[in-house]
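Trainee: Here you go, one structure.
The values are calculated or read from the model by the stated rules, or taken from the named source; none is laboratory data. Because the structure is predicted, anything quoted here is derived from the model rather than measured. Cβ placement follows ideal geometry from the backbone for every residue including glycine, while neighbour counts extend to all protein chains displayed.
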Amino acid sequence: MYISVFDIFSVGVGPSSSHTVGPMMAARRYLLKLKEKCSFDKVAKVDVFLYGSLGLTGEGHGTIRAVVLGLMGVTAENMDINEPYIMAVERDKKISLLSEHVIDFNIEENVILVKETFLKEHANGMILKSYNEKGEVLFEDSYFSIGGGFVLSKEEFYNSKIIDNIDKKIPYSFKSAEELLEIVDENNMSIAELVLQNELAISNDIDEIYDRLDYVKSILDESIDEGIKKEGILPGGLDIERRAPVIYKEIKRRFEDNYNDPLLIVDWVNLWSFAVAEENAAGGRVVTAPTNGSAGVIPSVIRYFEKYAVKSNMMDIEKAIRDFILTASAIANLYKNNASIAGAEVGCQGEIGVACSMAAGGLVAAMGGSPFQIENAAEIAMEHNLGLTCDPIKGLVQIPCIERNAFGSLKAINAARIALKSDGKHFVSLDKVIKTMYQTGKDMKSTYKETSLGGLAVNVVDC
Ligand code: SF4
């Protein structure tokens, strides 16, 4: 199934796409559906049951807060990140469903963490139930947060035809990297042009597409700039201090001292990645690309491109950045359709690994590389993330996640540089590495897949 660039690069609220963005969206969707089925006035109580990984790490990943926001009708785009929405619900023990209908709501009682049960459909499952005054169930529905902020209702999960319509509209559908390369070769077009043609078939307005791409870029920039400015301790109880402002001051000091460091670029890339990852960990607004946990990789690699990799004869930097985003979305489509971008399904390979692969391919596109070099860069980037586990301490998207964004960014840059020095021919194809990543993820024990039951999460003493 083709996934639009705007679904891949969606705006989300931290700290986790599968545990925050998805459940927030699901809670809102549930109420919109409920409203269609029965009168909102009849609703006296709503319960939200969070299963499996959502139950186990939901607290640290901000799922409870996200669900409450979703029930209030808040979206990532319209949310005021300074508004204390949750405090009011905690204080009054009341919630205004979709900001329309007020009912009693005790977060501790009405959001239920079912840690020991995994729903059979997916590791990130939730069931929502609403009741009337007599306690009779009015409407019950299940949702699955399948990674990257994508949500499927139970109906959609079992009936893919419901969400398949988009494929009928687009001119260039592709299931594999091999097919993608064949299509662009036959039509003498770039991967970015192919994605643009597909998007045009969906929205039919090129200016609107460019505006939306530029909006995505503006949020990527905002997340870096906000993260550099903000100081203090990250929420969640690990007492982790934000490091981006400290790194920024240190880089500035070196400039002032005329300190000659050939690896200063590495410090900049670390800074930009940390800034976004810390902004995400604090519940700020980021672009979910492909997930919130890995949201620092793409913006920092784009910033690297703008500052250090634009050729002196390049006429249109704006176009190059749009090409970066469009190309990265084609790569994300391959992972989404043939493997997974959910840490709960395939470990961190699906988050930092996929972000790294997308960024490597996007950077090659922006730098004018061929489709074969793009495929090569995306393959190299994933090859060296194979086996990466997900074991966040205390379920927070902080350790190892923040530093891992910096490593993902630097690996992406290196993969692009290696690919750009080749003719695009290589031994392992992107399709093979995607297949390997998925198999590795399936073989990985669940303790290493966003449950915080293994790895660093159990070996680092929480004091
Ligand atoms: S370890 Fe990786 S997959 Fe797991 S929460 Fe952190 S960034 Fe996401």
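Trainee: For residue 295, indicate whether it is at pLDDT 95 or above, within 13 Å of the ligand (Cβ to nearest atom) and touching a helix residue (DSSP H, G or I) at 6+ places or on another chain (Cβ under 7 Å).
Mentor: Yes: the conditions hold for residue 295.
Trainee: If you don't mind, another one. Here's a check for you: in region 374-397, which residue that is surrounded by fewer than 24 Cβ atoms within 10 Å (Cβ to Cβ) and modelled with pLDDT of 95 or more is nearest to the ligand (Cβ to nearest atom)?
Mentor: 389
Trainee: Restricting to region 346-384, and then to whatever is among the small types (Gly, Ala, Ser), more than 18 Å from the chain's Cα centre (by Cα) and part of a helix (DSSP H, G or I), can you tell me which residue is nearest to residue 451 (Cα to Cα)?
Mentor: Here the residue is 377.
Trainee: Could you go through region 218-228 and let me know if any residue there is among the aliphatic types (A, V, I, L, M), more than 16 Å from the chain's Cα centre (by Cα) and surrounded by fewer than 16 Cβ atoms within 10 Å (Cβ to Cβ).
Mentor: Within region 218-228 (the criterion being among the aliphatic types (A, V, I, L, M), more than 16 Å from the chain's Cα centre (by Cα) and surrounded by fewer than 16 Cβ atoms within 10 Å (Cβ to Cβ)), the answer is no, since none of the residues qualifies.
Trainee: Another question about this same structure. When residues of region 262-298 are filtered for being in a loop (DSSP other than H, G, I, E, B) and within 17 Å of the chain's Cα centre (by Cα), how many remain?
Mentor: Summing the residues that are in a loop (DSSP other than H, G, I, E, B) and within 17 Å of the chain's Cα centre (by Cα) in region 262-298 gives 11.
Trainee: I would also like to ask the following. Yes or no: residue 184 closer than 29 Å to residue 338 by Cα and touching a residue at least 12 places away in the same chain (Cβ under 8 Å)?
Mentor: Judged against the criteria, residue 184 is a match.
Trainee: Which condition does residue 463 not pass, out of (1) at pLDDT 95 or above; (2) surrounded by fewer than 20 Cβ atoms within 10 Å (Cβ to Cβ), if it passes all the others?
Mentor: Going through (1) at pLDDT 95 or above; (2) surrounded by fewer than 20 Cβ atoms within 10 Å (Cβ to Cβ) one by one, residue 463 breaks only (1).
Trainee: What pairs come up if the first residue lies in region 395-406 and is closer than 11 Å to residue 293 by Cα and in a loop (DSSP other than H, G, I, E, B), the second is among the hydroxyl-bearing types (Ser, Thr, Tyr) and within 8 Å of the ligand (Cβ to nearest atom), and their beta carbons are under 8 Å apart, counting only those six or more places apart or on different chains?
Mentor: Correct list of pairs: 397/16.
Trainee: Another question, then. Of the residues that sit in region 9-49 and are surrounded by fewer than 20 Cβ atoms within 10 Å (Cβ to Cβ) and without any contact (Cβ under 8 Å) to a residue 60 or more places away in the chain, which one is farthest from the ligand (Cβ to nearest atom)?
Mentor: The selected residue is 39.
Trainee: Which one is modelled with the highest pLDDT, of the residues in region 332-345 that are near the ligand (Cβ under 9 Å from one of its atoms) and more than 10 Å from the chain's Cα centre (by Cα)?
Mentor: That would be 343.
Trainee: Could you please let me know if residue 407 is more than 9 Å from the ligand (Cβ to nearest atom), modelled with pLDDT of 95 or more, more than 23 Å from residue 426 (Cα to Cα) and of a type in the set (Phe, Trp, Tyr)?
Mentor: Taking the combined requirement at face value, the residue satisfies it.
Trainee: For the condition surrounded by fewer than 18 Cβ atoms within 10 Å (Cβ to Cβ), in contact with a strand residue (DSSP E or B) (Cβ under 7 Å, 6 or more places away or on another chain) and either over 17 Å from residue 334 (Cβ atoms) or not assigned by TED's automatic domain parsing to the domain that holds residue 41 (or both), what is the one hit in 134, 120, 154?
Mentor: The match here is 154.
Trainee: Can you tell me which residues in region 411-443 are part of a helix (DSSP H, G or I) and either of a type in the set (Gly, Ala, Ser) or touching a strand residue (DSSP E or B) at 6+ places or on another chain (Cβ under 7 Å) (or both)?
Mentor: Selection gives 412, 415, 416, 419, 441.
Trainee: Then there is this: Among the residues of region 279-289, count how many are out of contact with any Phe, Trp or Tyr (no Cβ under 7 Å at 6 or more places or on another chain) and closer than 19 Å to residue 322 by Cβ.
Mentor: 1
Trainee: Let me ask something additional. Only one of these conditions is not met by residue 57: (1) closer than 14 Å to residue 451 by Cα; (2) without any contact (Cβ under 8 Å) to a residue 12 or more places away in the chain. Which number is it?
Mentor: (2)
Trainee: Hey, among the residues in region 350-373 that are under 14 Å from residue 300 (Cα atoms) and within 10 Å of the ligand (Cβ to nearest atom), which one's surrounded by the most Cβ atoms within 10 Å (Cβ to Cβ)?
Mentor: The selected residue is 355.
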